[in-house]
Each structure stands twice: as structure tokens, then as C-alpha cells.
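A.B. asks: Handing you a structure now.
Here, each number is a calculation from the coordinates, and none is a lab measurement. Note that the structure is a prediction, hence the values are computed from the model and not measured. Virtual Cβ from ideal backbone geometry, glycine too; neighbours counted across all protein chains shown.
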Amino acid sequence: MKNILIPSDFTLQSLDCVEDVVQSFKSERITIVFVHVFIVSSSIVDLMLLSRRRKEYSYISDQFWNECKRLEKEYSERINSIKVECFYGNTVAVFKNYLEGLKIDLIVYPQLYTFKQLCKESCDPAKLIAKSGREVWMLAAKKKPKEVRQFRWVRNMSYQLSLN
């Protein structure tokens, strides 16, 4: 069984990669862990109450929880479970210990994932992931149904055409 970590902002769009992950592991059962990183406060009171904190879990909508349950049922033959976690810390050593504790084999980083701060304590996981020493798969972006052409202004009134 593979344990896979996926950074998330707990929106429904962050669940779009589950189908691709499941298809990649046809012969193996997987556990998926969606995680958002929060900086640990330096306040003594906050540190003492850290184990009782549930404020961050309030950022997870009922729709997100329900969609996780639906995906578990839909892919029950391949998905052992889908977990939702809040990680508290901003050092590589603590993150490595966290990954070891969860027995994470692989980190999947969706190409379209852009870090969205849920609160002022939110922390971009990209640097921690890059230095984690774990295998990281960049999940290719799916093409949008309609390609929208936009002009992006570059130096001296010239423009460059890009597909988004």
C-alpha cells in the first residue's frame, strides 16, 4: 500500500487530482493525505493549547468532507482512505518527521496548485516539499475545455500571446 501526500487549500478543485492518482496505481491500494501547512506560533499559550486546536479545521467545508467520502466510496477497491490533515511547523526537520510518522511514500504536487493562504498562519509547502527528500510527482495539468487567449503586456508597449 502507498501513502500519498497532496498539498491542499481544502477547496473542491484540490480534489481534481484524485482520479489521476488512482489511475496511476492500478495494482496497489493507496491512502491519500490532503494537508495544509500552518506556521507554529511562538506564543507560549498557543503552544500549550496546540493539541486542542481545531480552529484550522473550520476552514474545511462540508462539501470538501462529503466529496472526500464520495471519492472513497467510488474508488473503494483502490483507495484505502482519504485523510485531511493540518501540519503545524515550518522547518524541514519537523516536516520530515511528520512524513515519517505518516509513512508517506510519495508527494503528489498538482501542476495547477497555487498556494492559497487560509489564514495569516498558513505557509506555502513548496520549500518544505522540495527539501523533504521524498519522491515528488508533478501532476500534469488537464487542458481546460476552452482555451482562452490573453494578452500579457511586456516591456515598451509590446505584448506576448499566451494560452491560459
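A.B. asks: Mind checking the range 1-40 for trypsin sites (Lys or Arg not before Pro) that DSSP puts in a loop (not H, G, I, E or B) and that have at most 16 other Cβ atoms within 10 Å? Write out the running numbers ahead of the final one.
C.D. replies: Working: sites: K2, K26, R29; in loops: K26, R29.
Loop-located and lightly packed - K26, R29.
A.B. asks: Amide H of I60 versus every other amide H placed in the peptide plane: which residues, excluding those fewer than 5 positions away on the same chain, fall under 5 Å?
C.D. replies: Result for I60 returns nothing.
A.B. asks: Highest first, please rank the peptides 83-92, 62-71 by the mean number of other Cβ atoms sitting within 10 Å of their residues.
C.D. replies: Working: 83-92: 16.5, 62-71: 14.0.
Ranked from most to least packed, the peptides come out as 83-92, 62-71.
A.B. asks: Give me the net charge of L102's neighbourhood, meaning all other residues with Cβ under 14 Å from the Cβ of L102; Lys, Arg count +1, Asp, Glu -1. Provide the component values of the computation, followed by the final result.
C.D. replies: Working: positive: K2, K83, K96, K103, R134; negative: E85, E100, D105.
Around L102, the surrounding residues sum to +2.
A.B. asks: Right, another one. Obtain the nm distance between the two label points defined at A126 and S24 by a simple spin-label model: each point lies 7 Å from its Cα along the Cα-to-C-beta direction.
C.D. replies: Result: 1.9 nm between the two label points.
A.B. asks: With label points built 7 Å along Cα→Cβ from the Cα atoms of T114 and K2, find their separation and express it in nm.
C.D. replies: 2.8
A.B. asks: Sticking with this one: Cα gyration tensor of the range 91-141, axes a ≥ b ≥ c as square roots of the eigenvalues: rounded (a/c below 1.5), prolate (a/b > b/c) or oblate? Present the calculation step by step, with values, prior to reporting the outcome.
C.D. replies: Details: a/c = 2.15, a/b = 1.10, b/c = 1.96.
Oblate, because a/c is 1.5 or more while a/b does not exceed b/c.
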